[in-house]
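The values are calculated or read from the model by the stated rules, or taken from the named source; none is laboratory data. The shown structure was predicted, so the numbers you read here are calculated from the model rather than taken from an experiment. As a convention, Cβ positions derive from the backbone with ideal geometry for all residues, glycine included, and neighbour counts pool all protein chains shown.
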Amino acid sequence: MSKVAKAAIGLMVATLIAKILGFGRELTLAAAYGASSTSDAFLVAMNIPAVIFTAVGTSLGTAFIPLFCEVRSKDGDNASVRYTNNIFNVVVLICLVFAIVGAFFAPEIVKLFALGFKGETMEKAVYFTRIMLLGIPFLGISYIMMAYLQVKENFIIPGLMPVPYNLCIIISIILSTKTSPYILPFGALIGLLGQFLFQLPFAMKRGYKYQSYLNFKDEYLKKMLWLVGPVLIGVAVNQINTIVDRTIASTLVEGSISALNYANKLNQFVMGMFIVSISSVVYPMLSKLSTDNNKTEFNKSIITSINTVILIVIPISVGAIILATPIVKILFQRGEFDARATYMTSVALVFYSIGMIGFGLRDILGKVFYSLQDTKTPMINGAIAMGLNIILNILFVKFTNMQLAGLAFATSISALVTIILLFINLRIKIGPFGGKYVLTVFIKSMLSALLMAAITLFIYNNLSVILGIGTIKEIITLALSIGGGAIVYASCVILLKIKEVNLILDTLKSKLKKI
């Protein structure tokens with residue numbers, strides 16, 4: 001598992017680089033166009049292909065990996081390359097149809113995403129959308145290459161996949177200010193192609209070679225389509241949850257939607273940095289072990305993955321709960337984002353953080369079921385979570401004074417209930433796999449995090465008095481408090497002899513030796 005840990009840490013670094021560049025893209029657009037009709041039209045146009053195909057692409061990648069392992073195990077490497085090319089070519093054809101139809105109905109699609117657009121803003125949005133929809137085939141094959149690289153144990157390149165996309169957009173934004181805003185979508189289109197071209201040489205080094213092979217009757221293609229459906233529904237369920245939350249938030253006080261969005265962004269940053277990195281690395285390995293019917297190593301990998309997530313997420317969630325206000329204030333409070341907005345976002349962040357462990361383990365457990373080629377169980381549990389979330393949203397908003405906090409709390413509760421159901425279903429499916437040890441690690445981690453919280457608050461409250469107010473002083477206070485808390489938590493989990501801690505420490509030591 002040390003190899004897996006190294007890959008996960010490498011992917012975390014790659015993800016951080018990609019996210020920083022993505023943030024730079026947003027800053028560049030804001031500096032060039034501010035809050036204008038051009039920026040509105042461009043953001044909507046960028047969002048349309050992402051919404052249309054990101055869920056489909058994620059589902060394709062998820063279903064691709066376990067079947068690739070099965071083909072390679074049964075028929076060898078040549079058959080697995082042929083399988084990859086068949087999926088590749090089918091995806092290109094389907095995406096071309098989507099792109100052509102989408103470009104033809106661009107005005108209607110824009111209205112779905114931006115009902116209030118009129119006049120010049122509408123014209124720009126339609127033009128931008130038509131150009132960017134041509135990039136859907138590039139987006140589709142990028143996901144196939146990403147899945148191929150992951151199953152070949154190359155995780156850093158897929159993690160860096162957004163880099164060429166963001167760089168191309170940044171360059172197009174700068175050029176557009178000197179020429180015309182109508183070149184903006186071409187930057188995004190080239191960026192979508194760049195994502196694929198960036199990954200292709202690395203895939204070829206790992207054995208990929210393009211073949212013009214197309215077989216709609218292939219048994220693995222049919223099997224993949226059968227697996228994709230439930231995964232796609234499961235992804236769609238999460239989107240529906242977000243839409244429901246925002247719809248109800250629109251009935252609350254002004255700023256509720258924005259507060260939920262900003263708090264959710266912080267939560268998603270943690271998910272993208274840590275949880276997705278771990279699940280992306282572990283998933284191909286679980287698929288291979290499942291195909292080889294290696295139950296002992298399969299169960300060990302499940303336990304190690306779950307406990308690693310627990311060790312990372314528990315202190316982050318507790319820290320976010322106790323330091324929500326200073327975190328939000330330092331990150332967002334400037335310009336039109338006032339103290340009221342900070343308070344609302346902090347409240348949402350606190351209640352989202354309660355369910356952070358649920359969000360993290362849900363992703364890991366979902367990948368475990370997918371590696372077993374069971375896509376229905378996560379889908380059913382996701383549907384149950386969606387129903388529970390909607391019911392709790394209504395109860396908390398209508399019959400309590402929680403309002404905005406209730407929406408975030410409902411999301412957290414539904415995530416926690418989902419992981420309990422997934423744990424039960426997993427035990428039924430594969431038998432005992434070490435649940436008692438997971439519970440032990442959870443309790444030890446929680447106790448360590450509570451001690452961390454007490455000391456972190458002590459440090460923060462005293463430093464606030466000593467250093468006083470001011471942006472730089474507040475950043476120093478927050479950083480020292482988090483640093484002190486991290487030392488306390490790390491010391492506790494080491495003293496409590498959680499073996500996954502040694503795995504993380506060994507990986508860090510090897511990295512330091514190389515440096």
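General remarks:
- None of LYS509, LYS429, LYS514 is among the charged types (D, E, K, R) and either closer than 26 Å to LEU388 by Cβ or modelled with pLDDT of 85 or more (or both) except LYS429.
- When we screen SER180, SER176 for residues that are in contact with a Ser or Thr (Cβ under 9 Å, 6 or more places away or on another chain) and of a type outside the set (A, V, I, L, M, F, W, C), the only hit is SER176.
- Scanning the stretch 198-224 for residues that are touching a residue at least 60 places away in the same chain (Cβ under 8 Å) and in a helix (DSSP H, G or I) turns up TYR220, LEU221, LYS223, MET224.
- Members of the stretch 220-237 found to be buried (at least 19 other Cβ atoms within 10 Å of the Cβ), among the hydrophobic types (A, V, I, L, M, F, W, C) and within 19 Å of ALA79 (Cβ to Cβ), listed by number: MET224, LEU227
- Selection status of VAL441, buried (at least 19 other Cβ atoms within 10 Å of the Cβ), of a type outside the set (Lys, Arg) and under 20 Å from ALA263 (Cβ atoms): no
- Checklist (1) more than 23 Å from ILE310 (Cβ to Cβ); (2) part of a helix (DSSP H, G or I); (3) modelled with pLDDT under 85; (4) among the aliphatic types (A, V, I, L, M) applied to ILE476, failing item: (3)
- Among residues of the stretch 252-292 being without any contact (Cβ under 8 Å) to a residue 12 or more places away in the chain and over 15 Å from the mean Cα position of the chain (by Cα), the one that is surrounded by the most Cβ atoms within 10 Å (Cβ to Cβ) is ILE257.
- Hits in the stretch 159-181 - residues which are among the polar types (S, T, N, Q), over 20 Å from the mean Cα position of the chain (by Cα) and not in a loop (DSSP other than H, G, I, E, B): SER172, SER176, THR177
- Cβ pairs under 7 Å, 6+ apart, first in the stretch 430-454 and on the phi > 0 side of the Ramachandran plot, second surrounded by 16 or more Cβ atoms within 10 Å (Cβ to Cβ) and of a type outside the set (Val, Ile, Thr): GLY434/ASN299
- Among the criteria (1) touching a residue at least 60 places away in the same chain (Cβ under 8 Å); (2) touching a helix residue (DSSP H, G or I) at 6+ places or on another chain (Cβ under 9 Å); (3) assigned to a helix (DSSP H, G or I), the one PHE117 does not fulfil is (3).
- Candidates LYS398, LYS376 - the one that is touching a residue at least 40 places away in the same chain (Cβ under 8 Å) and surrounded by fewer than 17 Cβ atoms within 10 Å (Cβ to Cβ): LYS376
- Subset of the stretch 83-133 (residues that are aliphatic (A, V, I, L, M), within 30 Å of LYS217 (Cα to Cα) and in contact with a Gly (Cβ under 9 Å, 6 or more places away or on another chain)): VAL91, VAL92, ILE94, ALA99, LEU133
- Just one of the listed residues (THR342, THR377) is within 23 Å of LEU60 (Cα to Cα) and at pLDDT below 90, and it is THR377.
- Residue match in the stretch 116-125 (condition: over 25 Å from PHE23 (Cβ atoms), crowded, with 22+ Cβ neighbours inside 10 Å and out of contact with any Ser or Thr (no Cβ under 6 Å at 6 or more places or on another chain)): no
- Hey, ASN154 more than 18 Å from VAL56 (Cα to Cα) and part of a loop (DSSP other than H, G, I, E, B) or not: yes
- When the stretch 352-373 is limited to residues that are more than 17 Å from the chain's Cα centre (by Cα) and over 21 Å from GLY435 (Cβ atoms), the one that is surrounded by the most Cβ atoms within 10 Å (Cβ to Cβ) turns out to be ILE354.
- Considering the stretch 313-326, and only residues there that are among the β-branched types (Val, Ile, Thr) and within 13 Å of LEU457 (Cα to Cα), the residue that is surrounded by the most Cβ atoms within 10 Å (Cβ to Cβ) turns out to be VAL318.
- Set PRO107, PRO137, PRO158: member being without any contact (Cβ under 8 Å) to a residue 24 or more places away in the chain and touching a helix residue (DSSP H, G or I) at 6+ places or on another chain (Cβ under 6 Å): PRO107
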